[in-house]
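Working notes, structure below.
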Amino acid sequence: MSQMRTTLIFLCTFVLASTGFARAGDWPTWRGPAGNGVSDEKETPTSWSAAENIVWKSPLPGGGNSTPIVWGDSVFVTCASKQGAIRSVICFARSTGKQQWSADTEFGGVEPTHADNPYCASSPITDGKAVYAWLGSAGVVAYDFSGKLLWKTDLGPFKHIWGNATSPVFYKDTLILKCGPGTNCFLVALNKETGKPTWKRELPDAVGKVEEFKGSWSSPVLCRIGETPELIAALPGYVAAFDPETGEELWRCRGLGALSYADPLVGKEAIVAMSGYGGPAMAMRTPKPADRGDLTESHRLWVVTNNPQRIGSGIMIGNRVYILNEPGIAECLDALTGKTIWKGRAAGSTWGSTILADGKFFTTDQSGETTVWSPGDDLKILTHNPLNEKVRATPVFSDGQVFIRTYQNLYCIGKPK
């Protein structure tokens, strides 16, 4: 069995069992069916431009950094308009690009954010029955596929000068959110049918002041260590695992900086987490099910400082980490030592995360150009694909098509269905 296939199975098995049955070609959540940026798509498009290989493009009411999701003929995206006073979940028909409905939540309060991070930066999630979205201080919403509101839950105000962005995950019959950053930081599990909390775990070490350069915008990763389900999160100062049944902290490993943007990468031998804003990256040995408490001294493998800005999440294949850093520099790291194997320029300034599809990496930079590059012993660029529109989201792969959300439009790329 190939190293890539082994890694995919290790990461996917529990996630797929916990989210319900996802049909082939569906992209139900942030970073794909397994939540790790790895797709089993084949024959994906590798060449396009604003005038080539475009099935359709549909206008959006505002810019945003969230990523679309796809289920069957429905494409969902979150979007804010009127300076955050309207926060929407929008459904488009996959076959035509026609907007089917927009479910809007009005918000009259005050919630700070940065101009580079518009409201509704959290990506939606679906189980094929309903679509769920966290709208920051406007609450968490659930809609059926016709746009009917099923429930709305207020989780309180969220205040940080850079806003929020983390996306939800499923565990059994619950929707789990890592809420923050700023003055209100916690994990919470909501019943998918009612929106009522089943547990809540405060994160006091993650709390900071509204203007403090401290916080986590990364999404938690659901995985299985042995037979034990664990929810792994990168937080200010450390990476930790929580029991998705109860929210209880299982273990932590210190070494991160005060800011975290990229999702943790979970491998068979190592877990790698990276700070933002040039902060440290670190790795720990993947714990065994019985390993509990502060594992810093026993499990931490390395900490590397003086790193580039890292916003988008990378991919781990075996014991190698591939990431396209914010300055546009692609890098391959040894997950067990932290040493750089190679690096080189691949793109412009990049916020989007990397997706592995059909054995190739796809990463979209802020100019809207998607770079297709290969895993291996050196940097190999395959194609550059420009859309010439601002993009801070991540490409989505579904049934032979690519979906990209820009600040102006939602694009469907490939061949018509």
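Each reported figure results from applying straightforward, stated rules to the coordinates on display, with no laboratory input. Quantities reported herein were computed from a predicted structural model and do not represent experimental measurements. Don't worry about glycine lacking a Cβ; one is built from the backbone with ideal geometry, like all the others, and counts go over all protein chains shown.
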| What are the semi-axes of the equivalent ellipsoid of the range 262-417, taken as the square roots of 5 times the eigenvalues of the Cα gyration tensor, listed largest first and rounded to whole Å? | 30, 16, 14
| Could you give the Stokes-Einstein D for the range 260-316 in µm² per second, using the C-alpha Kirkwood radius, 37 °C, 0.692 mPa s? | 275
| task | Could you please report the charge total around Arg285, scoring K, R as +1 and D, E as -1 over all other residues with beta-carbon less than 15 angstrom from its beta-carbon? | result | 0
| remark: Dipole check, the chain, charges on Cβ (K,R +1; D,E -1), about Cα centroid: among Ser95, Ser123, Thr166 the Cα furthest to the positive pole belongs to Ser95
| message | Apply the a/c threshold of 1.5 to the C-alpha gyration tensor of the chain and tell me whether it is rounded, prolate or oblate. | response | rounded
| query | What is the range 94-147 by shape, rounded, prolate or oblate, if you read a ≥ b ≥ c off the alpha carbon gyration tensor as root eigenvalues and call it rounded for a/c under 1.5, prolate for a/b larger than b/c, and oblate otherwise? | reply | prolate
| task | For the range 246-267 and the range 85-163, compute the distance between their C-alpha centroids and round to whole Å. | result | 26
| message | Give the residue list of GluC sites (Glu not before Pro) in the range 25-101 that are DSSP loop and have at most 11 other beta-carbon atoms within 10 angstrom. | response | Glu43
| So what's the net charge close to Tyr171: Lys and Arg +1, Asp and Glu -1, counting the other residues with Cβ under 12 Å from its Cβ? | -2
| query | So, how do all the Cα-to-Cα distances of the range 90-221 break down into 5 Å bins, in percent, from 0 on up? | reply | 2, 10, 20, 23, 19, 14, 8, 3, 1, 0
